[in-house]
Amino acid sequence: MTIDRERLAALAAEPHCHGGRYRNLEPVPRRGLGDFLRWQLAPGRRFPKGKRYTLLRPDVHLLIDPPAAPQLTWLGHASFLFQYRGLNVLTDPVLSDRASPFRLVGPRRFTPPALTVADMPPIHLVLVSHNHYDHLDEATVRQLHRRFGDNLRFCIPIGLRRWFEKCGIQNLVELDWWQSTPLDSKNEAFCLPAQHFSGRTATDTNTSLWCSWLLDMDGFRFYFGGDTGYGRIFQVIGELFAPIDLALLPIGAYDPRWFMAPVHVAPEEAVRIHQDIGASQSIAMHWGTFALTDEPMDEPPRRLRMALERQGISELEFRVMQHGEVWSPE
Ligand code: ZN
Ligand code: ZN
């Protein structure tokens, strides 16, 4: 399927940065400190109990010498190793014990990451969706750069260049929504919208962009959804890029809905995204690793299963992987 470049250019020309802050394409309610406290201090609020999942140990031989088919390894949360046609790609690699600026406080990891940087095959590309701590981890980024040096390229949304340069990283592809760049003669990376927000400190809210990524690998389309609420953008992404061969879509961090719905999909909405973007195969992510929000940690896959059943979609078409599982389509 050819890509409508004129439409992409027209979309890219629409402004979404105002006064140095990025905005979602569809207006979403702003949640301030008052809302945050209303959520945190709600009477009867129950904190989800952390759950530790069985961690499978990936077969290192499979990672070093992957099959011809695409191969995916779930490292936990939004971190995957995707391998296809000689390219080894990481999505939002976070291997630390906490998704936090601090070593001792902040959301703790309940299941260890399936790989350390030392265990990894040579990584060529990292896709970063945004700068929240559960997606961008300084310790992991520095370890990756130390091990793979300037051969490793980071695809980042606009506004994060300075952060990466401070880590000593120069091999950067920094893109705005709807922009793309060729990675080599066969592969092209597209920075696409998501409906979310960004920030690592009290003052930097939305000063860098959030995004999803699509890799077009000589016609094979791999989509990484990042963090997102549900919006019309997914129909547009579908119009431009369907069919998508393999999509990683978030299913967790959705409760309470009054607070989270604009920025985090529930499993039912993840299924709508799967349909909107024309994914032939989706994989669930962003659950079962850090307890970030109020839903029980094991609820997202159960709700996903029910949503798939209601839509008449096979569980094999929108798979839930186990921590450390290495998966390839049949
Ligand atoms: Zn986020
Ligand atoms: Zn997240």
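The values are calculated or read from the model by the stated rules, or taken from the named source; none is laboratory data. As the structure is a prediction and not an experimental result, all values here were calculated from the model. Positions of Cβ are backbone-derived with ideal geometry, glycine not excepted, and every protein chain shown enters the neighbour counts. The area values use the complete protein model at the heavy-atom level, side chains included, leaving out ligands, DNA and RNA. Shrake-Rupley method; radii C 1.70, N 1.55, O 1.52, S 1.80 Å.
The set of residues from segment 217-242 being under 15 Å from LEU127 (Cβ atoms) and either open to solvent by 20 Å² or more (accessible area, probe 1.4 Å) or within 12 Å of ligand 1 (Cβ to nearest atom) (or both) comprises GLY225, GLY226, ASP227, THR228.
Of everything in segment 123-145, what is among the charged types (D, E, K, R) and near ligand 1 (Cβ under 9 Å from one of its atoms)? Give them in sequence order. Correct list: ASP134 only.
Summed over segment 251-262, the residues that are closer than 17 Å to ALA291 by Cβ and either under 16 Å from the mean Cα position of the chain (by Cα) or assigned to a loop (DSSP other than H, G, I, E, B) (or both) give a count of 6. Consider ALA291 carefully, then state whether it is among the aliphatic types (A, V, I, L, M) and either in contact with a Cys (Cβ under 6 Å, 6 or more places away or on another chain) or within 16 Å of ligand 1 (Cβ to nearest atom) (or both). Criteria met by ALA291. Whether any residue in segment 200-207 is closer than 20 Å to VAL126 by Cα and either modelled with pLDDT of 95 or more or surrounded by fewer than 19 Cβ atoms within 10 Å (Cβ to Cβ) (or both) is what I want to check. The answer is yes, given that some residue of segment 200-207 is closer than 20 Å to VAL126 by Cα and either modelled with pLDDT of 95 or more or surrounded by fewer than 19 Cβ atoms within 10 Å (Cβ to Cβ) (or both).
Is it true that LEU183 is within 20 Å of the chain's Cα centre (by Cα), under 21 Å from VAL89 (Cα atoms) and open to solvent by less than 20 Å² (accessible area, probe 1.4 Å)?
Against the criterion (within 20 Å of the chain's Cα centre (by Cα), under 21 Å from VAL89 (Cα atoms) and open to solvent by less than 20 Å² (accessible area, probe 1.4 Å)), LEU183 does not qualify.
The strands (runs of 3 or more DSSP E) falling completely within segment 26-145 that include 2 or more residues that are farther than 28 Å from LYS166 by Cβ map to 71-76, 79-84. When LEU144 is tested against (1) open to solvent by 10 Å² or more (accessible area, probe 1.4 Å); (2) more than 16 Å from ligand 2 (Cβ to nearest atom); (3) under 24 Å from LEU209 (Cβ atoms); (4) within 19 Å of the chain's Cα centre (by Cα), exactly one condition is not met: (1).
ASN24 fulfils the conditions (1) out of contact with any strand residue (DSSP E or B) (no Cβ under 8 Å at 6 or more places or on another chain); (2) open to solvent by 80 Å² or more (accessible area, probe 1.4 Å); (3) touching a residue at least 24 places away in the same chain (Cβ under 8 Å) except for a single criterion, (2). Within segment 302-330, residues that are over 22 Å from LEU62 (Cα atoms) have Cβ atoms under 6 Å from residues that are aromatic (Phe, Trp, Tyr) and open to solvent by less than 50 Å² (accessible area, probe 1.4 Å) in these pairs: LEU308/PHE318, counting only partners at least 6 apart in sequence or on another chain.
Within segment 147-164, if we keep just the residues that are part of a helix (DSSP H, G or I) and away from ligand 1 (no atom under 16 Å from the Cβ), the residue that is most open to solvent (accessible area, probe 1.4 Å) turns out to be ARG162.
A quick yes/no check of all residues on (1) open to solvent by less than 50 Å² (accessible area, probe 1.4 Å); (2) not acidic (Asp, Glu):
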| site | (1), (2) |
| --- | --- |
| ARG45 | yes, yes |
| GLY50 | yes, yes |
| ASP59 | no, no |
| GLY76 | yes, yes |
| PHE82 | yes, yes |
| ARG85 | no, yes |
| ASN88 | yes, yes |
| ARG98 | no, yes |
| PRO112 | yes, yes |
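The condition of being of a type in the set (D, E, K, R) and within 16 Å of ligand 1 (Cβ to nearest atom) holds for only one of ASP276, ASP255, that being ASP255. Of everything listed in (1) touching a residue at least 60 places away in the same chain (Cβ under 8 Å); (2) open to solvent by 90 Å² or more (accessible area, probe 1.4 Å); (3) farther than 30 Å from PRO329 by Cβ, the single unmet condition for THR54 is (3). Every test in (1) touching a Phe, Trp or Tyr at 6+ places or on another chain (Cβ under 6 Å); (2) farther than 21 Å from ARG310 by Cβ; (3) open to solvent by less than 10 Å² (accessible area, probe 1.4 Å) is passed by ASP245 save one, and that test is (3).
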